[in-house]
1. Just to be sure, is B:Thr85 among the polar types (S, T, N, Q), free of Cβ contacts under 8 Å to residues at least 24 places away in the same chain, within 11 Å of chain A (Cβ to nearest Cβ) and away from ligand 3 (no atom under 16 Å from the Cβ)?
2. Please specify each residue of the stretch A:499-515 satisfying the condition of being surrounded by fewer than 21 Cβ atoms within 10 Å (Cβ to Cβ) and either within 18 Å of A:Pro363 (Cβ to Cβ) or of a type in the set (Asp, Glu) (or both).
3. Right, B:Pro198: surrounded by 20 or more Cβ atoms within 10 Å (Cβ to Cβ) and assigned to a loop (DSSP other than H, G, I, E, B) or not?
4. Has the stretch B:163-174 got at least one residue that is within 15 Å of ligand 2 (Cβ to nearest atom), under 27 Å from B:Val241 (Cβ atoms) and of a type outside the set (A, V, I, L, M)?
5. Quick check: is even one residue across the stretch A:313-332 at the interface with another protein chain (Cβ under 9 Å from one of its Cβ atoms), in a strand (DSSP E or B) and either within 27 Å of A:Gly354 (Cβ to Cβ) or without any contact (Cβ under 8 Å) to a residue 40 or more places away in the chain (or both)?
6. Evaluate the stretch B:91-102: report whether one residue or more is over 17 Å from A:Val322 (Cα atoms), within 15 Å of the chain's Cα centre (by Cα) and not β-branched (Val, Ile, Thr).
7. Would you pick out the residues in the stretch B:318-343 that are among the aliphatic types (A, V, I, L, M) and either at the interface with chain A (Cβ under 8 Å from one of its Cβ atoms) or touching a Phe, Trp or Tyr at 6+ places or on another chain (Cβ under 8 Å) (or both)?
8. Residue under question is B:Gln149, and the condition is that it be over 17 Å from the mean Cα position of the chain (by Cα), farther than 20 Å from B:Ser190 by Cβ and within 13 Å of ligand 1 (Cβ to nearest atom); does it hold?
Amino acid sequence: MSAQLQPDAQPAPLAAVNDFVVKFANVNGSGSASANELFAKAILRMGVPVSPRNIFPSNIQGLPTWYEIRVTGAGYLGRRGGVDLMVAMNPQTWNQDLKEIEPGGYLFYDNSKPLPASRFRTDITVIGMPLTEICNATYSEARQRQLFKNIIYVGALSVLLDIDPGVIEKLFSEQYKGKEKLLESNFKALHLGRDYASQHLPKIGLRVEAGDGVGDRIFVDGNTAAAIGCVYGGATVCAWYPITPSSSLAEAFQKYCQKLRVDPVTGKNRYAIVQAEDEIASIGMVVGAGWNGARAFTTTSGPGVSLMTEFIGLAYMAEIPVTIINVQRGGPSTGMPTRTQQADLVSCAYASHGDTKHILLFPEDPHECFDQSAQAFDLADRLQTPVFVMTDLDIGMNQRLCAPFEWDETKEYDRGKVMTAEDLDSGRDFGRYLDVDGDGIPFRTWPGTHPSKGSFFTRGTTKDAYARYSEAGPDYVYNVQRLLKKLETAKSLVPQPVARNARAATRFGVIYFGSTSPAMSEALDALDAAEVHVDALRLRAFPFPDSVRQFIEAHDLVFVVEQNRDAQLRGMLINELEFSPDRLPAVLHYDGTPITARFITREIGDRVRAARKSS
Amino acid sequence: MTYLAKPKLHHPTLPQNRVCRTRRDYEGKISTLCAGCGHDSISAAIIQACFEMDVEPHRVAKLSGIGCSSKTPDYFLGNSHGFNTVHGRMPSVLTGANLANRALLYLGVSGDGDSASIGIGQFAHVMRRGVNMVYIVENNGVYGLTKGQFSATADQGSASKKGVVNSDTPIDMASLALQLGASYVARGFSGDKKQLVPIIKAAIAHKGAAFIDVVSPCVAFNNHPGSTKSYDYVREHNEAVNRIDFIPRKEEIVVDYAEGQVIEVEQHDGTILLLRKLHREYDPHNRVMAMNYVAEHQAKGEVVTGLLFVDNSARDLHEHLNTVDAPINTLAAAELCPGAATLAKINQSLR
Ligand SMILES: Cc1ncc(C[n+]2csc(CCOP(=O)(O)OP(=O)(O)O)c2C)c(N)n1
Ligand code: SF4
Ligand SMILES: [Mg+2]
């Protein structure tokens, strides 16, 4: 055959400006994380968007870890897939890392120890640099050798990729303000790398060119953003139990509280953080604090939610405001503790035994982690029920470029329906579980309010509208119907879906949520460009507002894209809105890596083309 | 009707306390427990203690787990907010409530199943944290509400009503509380109100984690011969280390105990505990001695009662966390929200 593949055909070396993926293969605990972040930030400071992702093991030291940076002048912040330049610093993962490089791509490695030619690929450009040798010659201490090796390779890469060294120096000066010695030694390491690269290494086809694609956006991880949201949302009690990937949220809350919530006169704290003995105790404390009028939250991940479910049912039944931030990871069981998934939708939406239903919020990025965490406290107080902020590892633990946080100072906290002593004295009837105005939400009183009025007994057992123990069927039905009505009320209070129409009218739609967002934006552009038109709706909350039903009704086929095996959101749409399953084909990605635009474009593209043919 | 409202019969001549309340104001709904249940006597002791301590009922938050014992908060202090939480987890809810508002008096009521079996984890940690509260375990050695199974406090070798012998080692809640750092530890008996009321009063005055183990026979499932939590057994084996009298602040102390038999213990709020020693060598300030004493006498089959340990200088969880003096549920938005200008600075730090 004439079209036979020639085994020796070499792909041309990749050439791209502001559009490539660099992946660092490191060893956990070697100090590479800060060097890699420095690399990402330097590109950002040149006005070129980047989107980094940590791929790390459940381990403290010694196991492989990766940092993948997508340089994206076009501003596509989802994971692209594929690697154009591999910085292979970990011999353990050499084979696997080599395999991932795109044909025509580049390999940067430490050639202090020679490797046989058989260990390399011939369809890529190999760039060796004697990093260990340089370090050993320059530094005597083991830790210094290790740490500065990272900075040296950043220096070398800055030459290869044309990254402005001035920007890196500025980042150093910010980071080591007042620590002159550290500053100087970092400068030195950077230039060691730069000098070697300028003298010995060839130019490559990948390049960063200064631009203005970053604007006033901020670069922050979702956990930090959510923590700041909790501070702004008025949270005063945080009870938590460490679990990846949520721990850094509680730690960031502590950090920002120490800065922003200490009484300047007395030096005392306007917050209380307790590291509980387990997640049952965490949620118990949140329930107690919420019952007693504080804004309280816990932060956890799947296994923690599993433990919390009895209490979540109590909070639902007894109507206590509770905020739970679930930074989802791969389940079930311990699952993939350091990988991402959106697989706790069902376990959170219907957490606990009996008929329960809870509010879920779906932030797409750190900006929305901030907004929705703050808003969760208003919703919980207004609706007197558990509210989940459903973020995930991809958003929570990776720095993401996003719109700056905003705060409307004219807006007040919504503390919901709380009767004060004056209200009670004015003769208003108080029935703790009485629906007085048709929204399903009763009034409550905080303990200690009034000497003789408004006290009640809170319990998870059934009761009448005046909180008196009752096992009477009608009392039970009144109560649980009212709980449903509350959920109905919630539909207009939760963040509404965001629609994006295709360039041309279409009978195809797609529904997605959360961390799928950046990959979806990119995929929709690609699909539109390929004349595959799909209208999109990004869900931001459960229960589903009416516009979700309208969107599905307006399209013949609506793809539901999510990062779990069982199409959990799709199941909820079918169950809650009673659409036929045929109308809602699932597009699922659940191997623990963040979903990519390439995957979505291919899946939806193929299926739309097939549907067009068959109709 | 599944609840019983108590008729409000206010007698005009009922004596009032210093906050102008009569005993009636400390009562709750009519108990639905078995006649003769030890738990009802404890409720009565709580009512008397709160009345005599001039506690304002609405300034009390009463919390419990699940069980017959945990039902009792509905039967006292009807003007207090109550919270019947989930089985074994009252300590965490109480902790959270306490964090939200440090100005209320927190009364936790639990059972031996609730605190020693399913809830031993939370019991341990609430003591360790030094939450300012009065924590009462109404200890009958069985699960009353689920009809008589052994709990973790049942003595080894004791027999259930159905004749089953318990082979597991018992947990002694008072010893555990001592070991875990509770700063007030006492044991009472539901059948001895004279001893129990002052113990509860002193616990109310105590600042820190106050724990009271009250042996409280279950007449339905654990009051038979062979039980070590029956009225008869406890009466026969009660080994009281002291009798306490609780003297409110600034009151003159006029008690006619024999010299050397009485010690005064000043509480954090200036109130005085008068301890009438029944054992010359017993020192309630010595945690280690208390633990040894309880263990030694337990080995002899005796139930040591009285004030076992008190530490007047204890620091509570709020002090450990350095929280503001005002209840944090009263902090206004201005004190909580750093505002837009600060947010702009935060944004700048993230570029
Ligand atoms: C999670 C859970 N498991 C089991 C039960 C059933 N249950 C209710 S009360 C109880 C035991 C209560 O024993 P104890 O605390 O000693 O109280 P008592 O009734 O003896 O006063 C059990 C097992 C429950 N309510 N919740
Ligand atoms: S079953 Fe036992 S513990 Fe429960 S009420 Fe009856 S006597 Fe009391
Ligand atoms: Mg019991």
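Coordinate-derived values only; no laboratory data. Just so it is clear, the model here is predicted, and its values are computed rather than measured. Don't worry about glycine lacking a Cβ; one is built from the backbone with ideal geometry, like all the others, and counts go over all protein chains shown.
1. Working: among the polar types (S, T, N, Q): yes; free of Cβ contacts under 8 Å to residues at least 24 places away in the same chain: yes; within 11 Å of chain A (Cβ to nearest Cβ): yes; away from ligand 3 (no atom under 16 Å from the Cβ): yes.
For B:Thr85, the condition - among the polar types (S, T, N, Q), free of Cβ contacts under 8 Å to residues at least 24 places away in the same chain, within 11 Å of chain A (Cβ to nearest Cβ) and away from ligand 3 (no atom under 16 Å from the Cβ) - is met.
2. A:Ala499, A:Arg500
3. Values: surrounded by 20 or more Cβ atoms within 10 Å (Cβ to Cβ): yes; assigned to a loop (DSSP other than H, G, I, E, B): no.
Taking the combined requirement at face value, the residue does not satisfy it.
4. Taking every residue of the stretch B:163-174 in turn, none turns out to be within 15 Å of ligand 2 (Cβ to nearest atom), under 27 Å from B:Val241 (Cβ atoms) and of a type outside the set (A, V, I, L, M).
5. Checked the stretch A:313-332: no residue is at the interface with another protein chain (Cβ under 9 Å from one of its Cβ atoms), in a strand (DSSP E or B) and either within 27 Å of A:Gly354 (Cβ to Cβ) or without any contact (Cβ under 8 Å) to a residue 40 or more places away in the chain (or both).
6. Yes, there is a match, as at least one residue in the stretch B:91-102 is over 17 Å from A:Val322 (Cα atoms), within 15 Å of the chain's Cα centre (by Cα) and not β-branched (Val, Ile, Thr).
7. Hits for the stretch B:318-343 are B:Leu321, B:Val324, B:Ile328, B:Leu331, B:Ala333, B:Leu336, B:Ala340, B:Leu343.
8. Taking the combined requirement at face value, the residue satisfies it.
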